[in-house]
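Notes follow the structure.
Bear in mind these aren't lab numbers, they're just calculated from the coordinates by the rules spelled out. Computed from a prediction, not measured in an experiment: that's the story for all the values here. All Cβ positions, glycine included, derive from the backbone under ideal geometry; neighbour counts span all protein chains shown.
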Amino acid sequence: MSLFHFLRRGGSAPIARERLQILLAHERTASSQPDLLAVLREEILAVIGRHVSFEPEKVQIKVSRDKSTSTLAVDIEIPNGGRTFDAAHPHSRLTFSPRNVSRTDQWVV
Amino acid sequence: MLVVTSGKGGVGKTTSTAALGAALAHGGQKVVVIDFDIGLRNLDLVMGAERRVVFDLINVINGVAKLSQALLRDRRLENLYLLAASQTRDKDALTEEGVANVVEELRPKFDWVICDSPAGIERGATLAMRHADVAIIVTNPEVSSVRDSDRIIGLLDSKTAKAERGECVEKKILITRYHSPRTARGEMLPIDDVLEILSCPLLGIIPESQEVMRASNVGSPVTLNNALSAPARAYFDAARRLKGEHIPMYVPSESRGFLNALFGRRAA
């Protein structure tokens, strides 16, 4: 240990610099992401939930990234017979016809 | 309105708050230093006012005391004031609204309102930086301190009142515990590397020195206890830079003779 230390004498600061640069480049991009996704998820679901009923566990949110663009995909599975109502007339409930919702609808934001 | 912050503990926030506050007050400015480290207050101790604290920041926020009752005037400098933290365990007592009220009341009365942030990135730290116009990020030339400073810079750019208004808190790095012989030997991160990694301008370089502990032992800011010592001179220069003066950056190893040799030998 002390011999190893002796051999490296005069050189540990550049290692510190390199480690920090790599770590911080990673942390700077990572730190803003979890917050953003959580906020987006909550707000998107709140908006959609006002109009369509769905099961929260059947929602998938994915972020994919290539060189020039990022895509945020929100998959919400709406069961057959899912209901919606007009926000302006909360008592006039409408039922989705199977034609509209027999498949999994996908929003790409 | 200035916040002294760092993320990491033990890097010298409280020492720097006391030293810069005293240096600014010594130069004729009216200064108040506020301890935001609720539950673990120490600024009063470093300033030598621990036995005079009757009311604290939380008392003012709760309306138990008026601001004028809680402000302690320094015994050495008549335009230096202290607002102590409380010893209560209840950190929730520090409310956003309460802090805003205290800050707004102090701002017009003082040239400098200096907040000593607690370590970490929790409530106390975010509230201390909340209303800052300028932030001093105290950093040791060492990996964990630099990493935590980077986190704090991220918070300053997103969670402060200025950031939310789309403005920018002015950020300045204060390097403390700098040891030039070790940097020369490649054992300690050079200043330029730290500044490049954090991409912020430098406010000053405070050399590692026994004077810092000697001053805190007797309860006096290092700038008052021994104004000619190396760290005190570095703090005085930093304080003048804060006021907008252009002082050439002082690298401790170059311009100090026997004191430097003394420090170098002791720690080698």
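Can you name every residue in region B:193-202 that is more than 19 Å from the chain's Cα centre (by Cα) and either surrounded by 21 or more Cβ atoms within 10 Å (Cβ to Cβ) or facing another protein chain (nearest Cβ under 9 Å) (or both)? Quick ask: steps written out before the conclusion?
We begin by selecting, within region B:193-202, every residue more than 19 Å from the chain's Cα centre (by Cα); these are B:193, B:196-197, B:199.
Scanning region B:193-202 gives B:193, B:196, B:197.
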task: Would you please list the contacts, defined by Cβ atoms under 8 Å and residues six or more apart or on different chains, that run from a residue in region B:38-54 that is in a loop (DSSP other than H, G, I, E, B) to a residue that is among the β-branched types (Val, Ile, Thr) and surrounded by 19 or more Cβ atoms within 10 Å (Cβ to Cβ)?
output: B:38/B:58; B:42/B:14; B:47/B:33
message: Of everything in region B:123-166, what is acidic (Asp, Glu) and closer than 17 Å to residue B:20 by Cβ? Give them in sequence order.
response: B:133
message: If I filter region B:155-192 down to residues being touching a residue at least 24 places away in the same chain (Cβ under 8 Å) and within 10 Å of chain A (Cβ to nearest Cβ), which single residue comes out as surrounded by the fewest Cβ atoms within 10 Å (Cβ to Cβ)?
response: B:184
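Residues that are under 17 Å from residue B:3 (Cβ atoms): find the helices (runs of 4 or more DSSP H) completely inside region B:162-241 holding 1 or more of those. Before the answer, list the steps.
On the way: elements: B:180-184, B:191-198, B:210-218, B:222-225.
Correct list: B:191-198.
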